[in-house]
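Okay, structure first, notes after.
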Amino acid sequence: MIHTAQRAQGFTESVIREMTRVANRSGAVNLAQGFPDFPMPAPMKDAAAAAIQGDINQYAITWGAPALRVAIAEKYRRWYDLAVDPENEITVTCGATEAMAATFMALVNPGDEVIILEPFYENYGPDATLAGATPVFVPLVAPDWHLDIERLAAAITPRTRALVLNTPHNPTGKVFTRAEVAAIAELADRHDFLVFTDEIYEHLVYAGHHHAIAAFPGMRDRTVTISGLSKTFSCTGWRLGYAIAPAPLTAAIRKVHDFLTVGAPAPLQAAAAAGMAFDADYYNHLQLAYKQRRGVMATALDRAGFTFTVPDGAYYILADFSLIDSRRDDHEFALWLAEAVGVATVPGSSFYGVREGGQRNGRDGGRSTVRFAFCKTFETLGRAAERLEAMSR
Ligand SMILES: Cc1ncc(COP(=O)(O)O)c(C=O)c1O
């Protein structure tokens, strides 16, 4: 009898990645996993090829190539007016995914509680489990997904060690308002907990503004700012992210990172520095194209009979299908949609926590929703739109 460790039994395989396999198997248009199906910027590809040809193929410095850390610090100065010391406050990681996992392992003790706003990007639950922490789920309020500050305050206990703040938000597309971010900052300060952010969609905002909580009064010392290149530069396969935190926290994150991965790929770090230097034109263009994609997706879903709140940021629409099908649950509906209609999505309940007894939380635990990713070419979106619209005929 082969035994696996208990910590690996505390969560299931990623449903998002599983739905990509379903899409491949059934020939469905893959709107499940959030990866672009269009090329990343050519200058970065050229820089990566040049780095490989130039023999930058050995281990980079564990916490990140100096040029990339300097470029990241410069970005935070330019965009958020934040002074970041590239020597002591930045850790370059294998994606925001590793940054978050390493942060949990470095800064959270077994038995600590970590507040996760629900629905949530599915990694945070396993991150908490791997660190031995207890996730405490606080629901965002549908349909506009606003934060109920009193409910959040009521979830704080003496064991609360941290809160995860993902803005712009996956899966809802919510962009937290300045007032909401300020309220979280005020609670973190009053109750002395840390905030781990996930700002991977910081440059995909269509309404409102992105607010980096580290820039709020008193928050610099208690925030780990996590982001990465996957979404901003359409290079999810490069696996480049980073965590920015005060020096004592960074020292712990770097130790965990070192023994997990040694470091992120050296030639890609060299190329990433080139991307970080792009000017405002790049970001304006990126945002404009995504806004158009959002329009195509929203129109198609509306015509097909889904109900949803139009996202202000990120590249997902979490859509309720109960007017189309009140019989199937989200898993059954997502499978049917992939196999019979030809569009792969992610079942909504994957973004909700599992309670004792296997119950999921939320309006109905996401059981009547599926998530559509619109980070695709207009051609791909057009094919998906045709199939979705044919459903209602
Ligand atoms: C909220 C969120 N955080 C992190 C990631 C993964 O980031 P990375 O590719 O940098 O690991 C994703 C990918 O979909 C995401 O949606």
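Read-outs throughout are calculated quantities, based only on the coordinates presented, and are distinct from any laboratory measurement. Model, not experiment: these values are computed from the prediction. Neighbour counts are summed over all protein chains in view; Cβ atoms, including those assigned to glycine, are modelled from backbone coordinates with ideal geometry.
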From phi via Karplus (6.51, -1.76, 1.60), per-residue ³J(HN,Hα) for segment 48-54 in Hz, x at Gly/Pro: 5, 4, 5, 5, 5, 5, x
Ala188: net charge of surrounding residues, Cβ under 12 Å, Lys/Arg +1, Asp/Glu -1, itself excluded? 0
Take the residue pairs Lys45/Lys231; Lys45/Lys291; Lys75/Lys255; Lys75/Lys231 and return only those whose Cα atoms are more than 20 Å apart. Lys45/Lys291; Lys75/Lys255
Under 5 Å, built H, 5+ apart or other chain: amide partners of Val29: Val343, Ala344
Okay, which of segment 72-92 sit inside 19 Å, backbone N to the point 7 Å along the Cα-Cβ direction of Gln287? 75-82
Students often check this: by mean Cβ neighbours within 10 Å, which of 262-274, 185-197 ranks highest, and how do the rest follow? 262-274, 185-197
The distance between the Cα centres of segment 81-99 and segment 63-79, in whole Å, is 8
Share, in percent, of DSSP beta bridges within the chain that are antiparallel, nearest 5: 50
Whole-Hz Karplus couplings 3J(HN,Hα) for segment 102-109, θ = phi - 60° and coefficients 6.51, -1.76, 1.60, Gly and Pro as x, run 5, 5, 4, 5, 7, 10, 10, 9
So between Ala252 and Arg77, what do we pick up on full extension, going 0.36 nm a residue minus the alpha carbon distance? 60.6 nm
Residue-averaged 222 nm ellipticity for the chain, from DSSP H runs of 4+ at -39500 (n - 2.57), nearest 500: -12500 deg cm²/dmol
Output ³J(HN,Hα) for segment 308-320: one whole-Hz value per residue in order, computed from phi by the Karplus curve 6.51 cos²θ - 1.76 cosθ + 1.60 with θ = phi - 60°, and x for Gly and Pro. 6, 9, 5, x, 8, x, 6, 9, 9, 10, 8, 10, 8
Under 5 Å, built H, 5+ apart or other chain: amide partners of Tyr316: Phe374
Within segment 249-281, which residues have the backbone N less than 15 Å from the label spot 7 Å out from Ile52 along Cα→beta-carbon, could you tell me? 265-272
Peptide ranges 367-373, 65-71 listed from the most packed, as the mean C-beta count within 10 angstrom indicates: 367-373, 65-71
Taking amide hydrogens as modeled 1.01 Å from N in the peptide plane, which residues meet the under 5 Å criterion relative to Gly353, leaving out close sequence neighbours? Asn361
Quickly work out the Thr309-to-Ala154 label distance, labels modelled 7 Å from Cα along the C-beta direction, and quote it in nm with one decimal. 1.9
Full extension from Thr377 to Ser322: what is 0.36 nm times the residue separation minus their Cα-Cα distance, to one decimal in nm? 17.0 nm
